[in-house]
Amino acid sequence: MRTPPTVRILMLTNSYPTRHSPSGAAYITSRIDAFASLGDSGAPVDLTALALRPVQPWWLDVVRRVVRATPGAGLALADEERYGEVRVSWGVADVVRGRRGRRPEGAVRSAVQGVLAHPAVARARSGEEQPFDVVHAHGMYTMPAGEVARRVAAELGVPFVVSLHGSDVEVAARADPEAAAATLRQAAATTYVSDALRRTATGLGLPTATATVISNGVDLARFRPPADDSCVDPGRRPGTAGSPVRILFAGNLLPVKGADRLPALVGAIESLGGEADLTVAGDGPLRTSLTSRLPRARFTGRVPQDELARLMRSADVLVAPSRSEGWGCVVTEAYASGTPAVAFGVGGLPEALLGSDGLVPPPGSQESDDPDAEAAAIVRFARAVLDVAAAPPTADAMAAHVRPHGWADVARAELDVLRAAVGPA
């Protein structure tokens with residue numbers, strides 16, 4: 001059988017590990033590693049990943065510090081082994097347009113120029129190295145990597161593919177669907193991390209005729225059940241008197257992730273006669289408020305992936321009380337660690353969950369502000385936490401559920417899409 005020719009991929013992303021959050025963007029870094037493993041195992045693939053780093057005027061950096069946003073230096077690339085860095089200049093007009101949900105045209109032009117001038121791309125354009133076959137962009141956020149990819153691909157004379165992950169559809173495309181649709185109509189293919197996200201895109205008028213659903217993956221070597229019984233006490237009955245439920249929340253401390261719901265959730269569990277032992281792994285604007293309202297909870301801040309895996313293995317239940325979610329990486333990571341999950345049925349979470357026991361109907365639309373509906377939903381969520389902790393899925397069922405979502409399988413599926421975009425040799 002003839003070996004297919006090597007596909008040279010130029011990946012563009014504005015989600016990457018930063019100095020402020022070195023363990024961030026794991027869903028991109030894991031992809032890069034998975035593609036590298038495919039290449040090491042003989043698959044014909046060669047990937048170059050470029051991070052689109054925003055650079056703003058000094059006085060805007062001062063403003064960011066005043067409002068306690070991540071300073072510009074914190075956005076510098078923290079992983080130069082896997083990524084190259086492209087510095088993208090943001091002017092005042094770009095910042096204003098971005099905050100209004102409009103495309104920051106000056107920043108997009110800066111990103112395109114930076115990508116084309118990057119040494120790896122310049123060498124390919126000059127003929128010093130093999131040319132790229134396809135440009136693969138992750139995200140259509142405020143900085144639309146997909147639009148940058150469209151313009152770069154036009155300069156290189158190759159097709160481009162865009163992968164969408166969640167808030168790039170739910171927030172960015174919702175704010176300016178015409179701009180997003182104009183970009184995606186010219187893509188050779190698009191991928192969505194869940195069918196729910198693809199349906200949302202369809203509702204916004206984004207083209208989905210060439211769309212494929214490829215979930216985010218899970219590192220099955222890192223997230224795995226305990227190797228022994230060190231995390232398992234057969235005498236414990238979580239949720240009963242003297243046996244608190246060990247609950248883990250992992251994610252950014254933002255309303256979209258439902259972090260603000262944690263105090264009410266703990267209170268609802270206690271009102272149902274249970275006891276919650278809560279660990280919060282993550283950081284964000286809500287941390288100060290949450291630490292004052294949850295004095296008995298443990299706040300770890302952002303943690304490396306190995307530490308997150310340990311926390312997963314030590315928990316009885318992972319909770320995802322999100323208001324919006326493209327897929328739900330933490331859910332599959334929990335199952336891979338032998339820990340069940342409970343989540344509101346929003347976005348792609350029903351697709352990530354195993355069965356219906358951990359699936360809780362949300363209070364209503366994302367914009368719902370009915371306090372009675374919210375309180376009732378939190379009580380339902382608390383009851384599901386107690387029920388799942390008392391009768392979790394079997395270890396075999398959880399393992400079988402996540403097995404198709406290993407990063408190697410995700411990378412192969414994406415490589416198939418990229419190869420089809422390139423076409424026959």
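The values are calculated or read from the model by the stated rules, or taken from the named source; none is laboratory data. Computed from a predicted structure; not experimentally measured. Glycine gets a Cβ as well: all are built from the backbone with ideal geometry, and neighbour counts include every protein chain shown.
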Selection count, the stretch 86-113, where residues are within 20 Å of Ala149 (Cα to Cα) and out of contact with any helix residue (DSSP H, G or I) (no Cβ under 9 Å at 6 or more places or on another chain): 1
For Ala389: the one exception among (1) surrounded by fewer than 22 Cβ atoms within 10 Å (Cβ to Cβ); (2) at pLDDT 95 or above: (1)
Neighbours by Cβ (under 7 Å, 6+ apart or cross-chain): first from the stretch 198-227, under 16 Å from Val417 (Cα atoms); second surrounded by fewer than 21 Cβ atoms within 10 Å (Cβ to Cβ) and of a type in the set (Asp, Glu): Val213/Asp195
From the options Ala389, Ala377, residue that is under 27 Å from Val169 (Cα atoms), assigned by TED's automatic domain parsing to the domain that holds Gly267, part of a helix (DSSP H, G or I) and over 21 Å from the mean Cα position of the chain (by Cα): Ala377
Per-region count, the stretch 370-386, residues among the hydrophobic types (A, V, I, L, M, F, W, C) and surrounded by fewer than 16 Cβ atoms within 10 Å (Cβ to Cβ): 3
Matching entry among Ser215, Ser243 (being modelled with pLDDT under 95 and either touching a helix residue (DSSP H, G or I) at 6+ places or on another chain (Cβ under 9 Å) or of a type in the set (Ser, Thr, Tyr) (or both)): Ser243
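Considering only residues that are outside any loop (DSSP other than H, G, I, E, B) and surrounded by fewer than 24 Cβ atoms within 10 Å (Cβ to Cβ), which ones fall in the stretch 330-352?
Pro350, Glu351 - these are the residues of the stretch 330-352 that are outside any loop (DSSP other than H, G, I, E, B) and surrounded by fewer than 24 Cβ atoms within 10 Å (Cβ to Cβ).
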Residues of the stretch 83-133 that turn out to be basic (Lys, Arg) and over 28 Å from Val171 (Cα atoms), as a count: 2
Matching residues in the stretch 115-141 - criterion: being closer than 25 Å to Ala189 by Cβ, in contact with a strand residue (DSSP E or B) (Cβ under 9 Å, 6 or more places away or on another chain) and assigned to a helix (DSSP H, G or I): Val115, Ala120, Val121, Ala124
Boolean, Ser356 is part of a loop (DSSP other than H, G, I, E, B) and closer than 26 Å to Ser30 by Cβ: no
Exclusive hit being part of a loop (DSSP other than H, G, I, E, B) and within 20 Å of Trp327 (Cβ to Cβ), set Thr200, Thr212, Thr208, Thr190: Thr208
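Yes or no: Val162 assigned by TED's automatic domain parsing to the domain that holds Thr29, within 21 Å of Thr29 (Cβ to Cβ), within 20 Å of the chain's Cα centre (by Cα) and crowded, with 24+ Cβ neighbours inside 10 Å?
When the stated conditions are applied, Val162 passes them.
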The stretch 162-187, residues that are hydrophobic (A, V, I, L, M, F, W, C), assigned to a helix (DSSP H, G or I) and closer than 16 Å to Gly328 by Cα: Val169
Check on Ala120, surrounded by fewer than 18 Cβ atoms within 10 Å (Cβ to Cβ), of a type in the set (Gly, Ala, Ser) and in contact (Cβ under 8 Å) with a residue 24 or more places away in the chain: yes
